[in-house]
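Read-outs throughout are calculated quantities, based only on the coordinates presented, and are distinct from any laboratory measurement. Everything numeric in this text was worked out from a predicted model, so none of it was measured. Don't worry about glycine lacking a Cβ; one is built from the backbone with ideal geometry, like all the others, and counts go over all protein chains shown.
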Amino acid sequence: MPTAFQKELGTLAHRLADLCALVATALEGATRSVLESDHTLGGRVREDVAAVAALGAACEDQACALLALHAPREADVKAVVAAVHTAADLTRMGGLAREVAEPRRVPVEVRPALGRLGGHAVAAVRALQELLAGGGGAGPADAVVLAEAAERGLREAARGCGAGAAVDVVLLAAVYGRFAGTSAVIARRASGFAPVGA
């Protein structure tokens, strides 16, 4: 029978899964704004990122309340600390989505490669969402591997662009790479608190 602490930790993991969903939505919008050169979408991304920051802060507050109200054992403290780090990382990932949505020069010829990279990065955080919600699954590892390959492909495609555009494209590739890589880091940490199979 789960204790009150374990139930609340499970609730926190589900809120972190909701935070993943917001982050994925933000990155999807950011990618579309770049691919379509749509600054209106970029404005919506900023709103999504504000929602990410608010939910991330709420998750951190909930984790602190867990520590204060339950006097947990050492292993449980580690789980709560992992959840706090996860909320902070997901909030930073929202910031990366906002960075993607900033206006920049992305030549038409590299947009398909950018779209693939964006799709794999979003798939990584969606897989992480499923993991945190207790759905099991393989986690984001496969999507992260695909994102790494797509990042290399985008960097290669950037070589054919002018210098200014190439810099913008390479910077975008790096942002997507950090985004996907952070999904993998969180997945490794999640085993300490995610309600696997719940």
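Relative to the longest principal axis of the Cα atoms of the chain, helix 163-190 runs at roughly 20 degrees. In the range 33-90, inverting the average of 1/r over every pair of distinct C-alpha atoms gives 13.2 Å as the Kirkwood radius. Across Gly164, Gly139, Gly29, mean-square fluctuation computed from a Gaussian network of the chain (C-alpha pairs under 10 Å connected) peaks at Gly164.
What separates the Cα centres of the range 6-20 and the range 52-117 is a distance of 13 Å. Helix 4-35 and the longest principal axis of the Cα set of the chain meet at an angle near 10°. Once you sort the root eigenvalues of the Cα gyration tensor of the range 11-124 as a ≥ b ≥ c, which label holds: rounded (a/c under 1.5), prolate (a/b larger than b/c) or oblate (the other case)? Here the range 11-124 falls in the prolate category.
Report D for the range 66-160 in µm² per second (integer): Stokes-Einstein, Kirkwood Rh on Cα pairs, 37 °C, 0.692 mPa s. Reported coefficient: 208 µm²/s. Near Arg126: Cβ cut-off under 14 Å, other residues only, Lys/Arg at +1 and Asp/Glu at -1. The net charge is -4. Expressed per residue, the C-alpha convex hull volume of the chain stands at 93 Å³. Summing charges over all other residues whose Cβ lies under 14 Å from the Cβ of Val110, with Lys and Arg as +1 and Asp and Glu as -1, gives +3. Each other residue within a Cβ distance under 14 Å of Asp89 adds +1 if Lys or Arg and -1 if Asp or Glu, for a net charge of +3. When the chain is treated as a Gaussian network with alpha carbon springs shorter than 10 Å, the biggest mean-square fluctuation among Gly119, Gly43, Gly160 belongs to Gly160. About the centre of its Cα atoms, the chain shows a dipole size close to 260 debye [charges on the beta carbon of Lys, Arg (+1) and Asp, Glu (-1) only; nearest 20 debye]. For the chain, the longest principal axis of the alpha carbon atoms and the long axis of helix 39-70 meet at an angle near 20°. Name the residue, out of Arg32, Arg159, Arg116, whose mean-square fluctuation peaks in a Gaussian network model built on the chain with Cα pairs under 10 Å. So, out of Arg32, Arg159, Arg116, the one fluctuating most is Arg159.
With only Cα atoms counted, the range 105-198 has Rg and Dmax values of 15.2, 51 Å.
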